[in-house]
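Scroll down for the structure; my scribbles are underneath it.
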Amino acid sequence: MTVLSIAADLWRHAFARKWFLVLGVAVTLFLVVIALSLRMDVVDGALAGMRLFGRPKTIEITAVDVALRPIFKAGAIVIYYPFTIFLIALCAEFAPSLLAPGRIEHLLSMPVRRWELVLGTYLGVVGLSALFALYGAGGLCLILGAKTGVLTLRPVLAALLGTISFAAIYSAMVAVAVLARSATSSAGVGIAVYFAGVLAGYRTTLAPMISEGLPRHAFEAVTGLLPRISSLGNVASEMAGGQAVSAMHLAGLVMGFLAFAGAVLAVAVWGFERKDF
Amino acid sequence: MDLAIEVHDIEKRYRTWRNRKGFCALDGVTLEVPRGVAFGLLGPNGAGKTTFIKVLLTVVRPERGRVRVLGGDPEDPRVRARIGYLPERLDLPAYFTPMTFLSSVSRLKHLIPARDGILRLLDRVGLANDAGRKIGGFSKGMKQRLGLAAALLGKPDLLVLDEPTDGVDPMGRVEIRNLLSLELARGCTVFLNSHLLAETERVCSRVGIIASGRIARQGSLDDLCRAEGRWRVAFAPGASPDKLAAAGFQAAGKEFLFAGQDLMALNRALDAARAAGAVIAEVYPDEKDLEQVMSEVLTPAPVVVSSPVVTP
């Protein structure tokens, strides 16, 4: 209950800030631009033509759900990759601001346990990222559904995978914020985990390119611990594009992300419990 | 004795990676505060006052010693739920209104945030007309009042206030003093940390002086301020200083001092003064103010250098 109160408070903080509302407006504008600029000609369940910003695209008459797959795939990739970086920058300040002098003393003096503060902040931010991702993906689904008559939730599922990816990255950001109390360090580690996680997804391909012996072992050891962001990104785009995805592969990846987030959060709580303010 | 705060032999060191021995902020502090009293913790900057408060609230964990607050361990959230705390520099969310801030604090204190109750509280601290304004536009004194309102939420059994009147205008200070008096009358214990000695003197009945991480002196205000066996006597104009000196009175400005614990000795001296034609206007125990007490405690004793005795 306290965890939810802290998460809800974080949402109130977020929505009271102008720049967070700007994010909502930006996502809405993006959807509006898509809705107004994307013209599609659907004839008897087939996509006869499509114009983006007035320029016609050469598309052979295809079943509309098949023709839309690349668009859904592109949408999923946008939500998964650039949007995650945007979220890292946007949410880096939350945990350090929680630890600001004058605020943390007040919070800790209340009947709140330290782990509840860490978990509440974490869940609040991950919830916010899920909200924006679902808003963007859901809006895209509705717009394309209205224009073409094909309503699919696959981009929404891809957005949820993007949230899982961000949840793993944000756990590392929280841990750094707890130890260093710095938004810049938190964002820096978030970006580092993001790019290292992209590399980790291709670790088996990249490993042979590294000198044998210690360097390769070190690369494999480090990337073995990291969440495989590009692997999950590939699954998300495949899923949005209507391709078959192995449930076991997906479950394994998601479990890996959750294990990473859980372990790093445990370190964050451990550090927080021992810290004086 | 029913104690609100019971601290025994606590030690706290702030260590860094470079300095593992660290800086000793509290060095074997032992302090007891009875329930229902106003206690003032005094001391110079860096003496350990804020660290002591943070130890009470588990914001800082001591290396050694025992801390009990309201009869329980402050690590227990149920104990902390009965404490209201105003930090020295409360960081308030600029985008919130007092209503949203106090609602948020209510939820974290496991209280149901009732609008009427919050408005009443804002009225008590003099912010009723600013309930809908953004906190970012508040003055320092207004923020301090709002922090006090947050501390008062849920009628706590113990109020821990770190510089509560900092930045508050003189009238506001009077209002806060009255508010604290009402809380004391309700049975609440007030633990006050203030640099303003006059403020502490007006609010607190018991005082502790901390210096270099140790409690240098503690007790009731009366005990601490009483000058041992000294009386201050005011005579009506016209009394002869020489005759008063002969009776045992020592001039101290417009008044006279009489040193002696024995009341009979004082009365004999007064009789002698009256016999010499002096008219007594006022007799009262010579009490020190907190500033003098602090000065006595904090000023190091002069080093006595023995010098050879010269005999004629």
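Side notes on the structure shown:
- Theoretical gain in end-to-end length, B:Ala251 to B:Thr16 [0.36 nm per residue, Cα-Cα removed]: 79.1 nm
- 13 Å Cα-Cα reach of B:Lys143 towards aspartates and glutamates, excluding residues that sit fewer than 8 places from it in its own chain: B:Glu88, B:Asp91, B:Asp130, B:Glu163, B:Asp166, B:Asp169
- B:Met99, B:Met1, reordered so the largest accessible area comes first (probe 1.4 Å): B:Met1, B:Met99
- Of all lysines in the structure, the ones whose alpha carbon falls short of 18 Å from that of A:Lys147, not counting any fewer than 8 places away in one chain, are A:Lys57, A:Lys73.
- Prolate/oblate/rounded label for chain A (Cα gyration tensor, a/c 1.5): oblate
- A:His106 contributes an accessible area of around 10 Å² to the protein surface, as traced by a 1.4 Å probe with all chains present.
- Ranked order, B:Arg35, A:Arg203 - accessible area, probe 1.4 Å, largest first: B:Arg35, A:Arg203
- DSSP bridge analysis restricted to chain B gives an antiparallel fraction near 65%, rounded to the nearest 5.
- Tilt relative to chain B, helix B:140-152 - C-alpha long axis, 0 to 90 degrees, to 10: 80
- Mean-position separation - Cα centroids, the range B:241-305 and the range B:3-67, in angstrom: 38
- Estimated dipole of chain A in Debye, rounded to 20 [Cβ of Lys and Arg +1, of Asp and Glu -1, Cα centre]: 380
- Computed over chain B: relative contact order in percent, which uses C-alpha pairs under 8 Å that are six or more apart: 19
- Relative to the dominant Cα principal axis of chain A, helix A:229-240 is inclined by about 30°.
- Cα-centre dipole for the range A:139-277 with unit charges at Cβ (Lys and Arg positive, Asp and Glu negative), debye to 20: 200
- Measuring nothing but how far apart in sequence close Cα pairs (under 8 Å, 6+ apart) lie, relative to its length, chain A scores a relative contact order of 23 percent.
- Relative to the longest principal axis of the Cα atoms of chain A, helix A:2-16 runs at roughly 60 degrees.
- Cut-off under 5 Å, modelled amide H: who pairs with B:Leu26 long-range: B:Lys12
- Long-range HN-HN contacts of A:Val42 with modeled amide H, under 5 Å: A:Ala48
- Evaluating 6.51 cos²θ - 1.76 cosθ + 1.60 at θ = phi - 60° for every residue in the range A:200-205, the Karplus couplings come out as 4, x, 10, 4, 6, 6 Hz, glycine and proline recorded as x.
- In Å², nearest 10: area of A:Phe83 left accessible to a 1.4 Å probe: 30
- Electrostatic dipole magnitude of the protein assembly as shown [Cβ: Lys, Arg +1; Asp, Glu -1; Cα centre; debye, to 20]: 1440
- Antiparallel beta bridges, as assigned by DSSP with both residues in the protein assembly as shown, represent about 75 percent of the total such bridges.
- DSSP-defined beta bridges in the range B:56-197 - what % are antiparallel, rounded to 5: 10
- Shape category assigned to the range A:152-210 from the gyration tensor of Cα positions, a/c cut at 1.5: oblate
- Exposure of A:His217 as accessible area (Å², to 10), given a probe of 1.4 Å and all protein chains: 120
- Neighbouring partner chain Cβ atoms per residue of A:98-109, average, 10 Å criterion: 6
- Among B:Ala185, B:Gln261, B:Ile135 - extreme Cα towards positive end, dipole of the protein assembly as shown, charges at beta-carbon: B:Ile135
- Shape of the range B:135-179 from the C-alpha gyration tensor: oblate (a/c of 1.5 or more and a/b not above b/c, with a ≥ b ≥ c the square roots of its eigenvalues).
- Average other protein chain Cβ within 10 Å of Cβ, residues B:104-112: 5
- For chain A, the residue among A:Val25, A:Val126, A:Val264 whose Cα projects farthest onto the positive side of the dipole built from Cβ charges is A:Val25.
- The packing ranking of peptides B:256-264, A:136-144, highest mean first, is A:136-144, B:256-264, where packing means the average number of other beta carbon atoms within 10 angstrom of each residue.
- Counting, for every residue in B:96-103, the Cβ atoms of other protein chains within 10 Å of its Cβ and taking the mean gives 2.
- A dipole drawn for chain B from +1 and -1 charges on Cβ atoms has a positive end, and of B:Gly71, B:Leu108, B:Gln292 the residue lying farthest that way is B:Leu108.
The values are calculated or read from the model by the stated rules, or taken from the named source; none is laboratory data. Nothing here was measured: the structure is a model prediction, and the numbers come from that model. Reconstructed Cβ throughout: ideal geometry from the backbone, glycine too, with neighbour counts over all protein chains shown. To get the accessible areas, we keep the full protein, side chains included, count just its heavy atoms, and leave off ligands, DNA and RNA. Shrake-Rupley method; radii C 1.70, N 1.55, O 1.52, S 1.80 Å.
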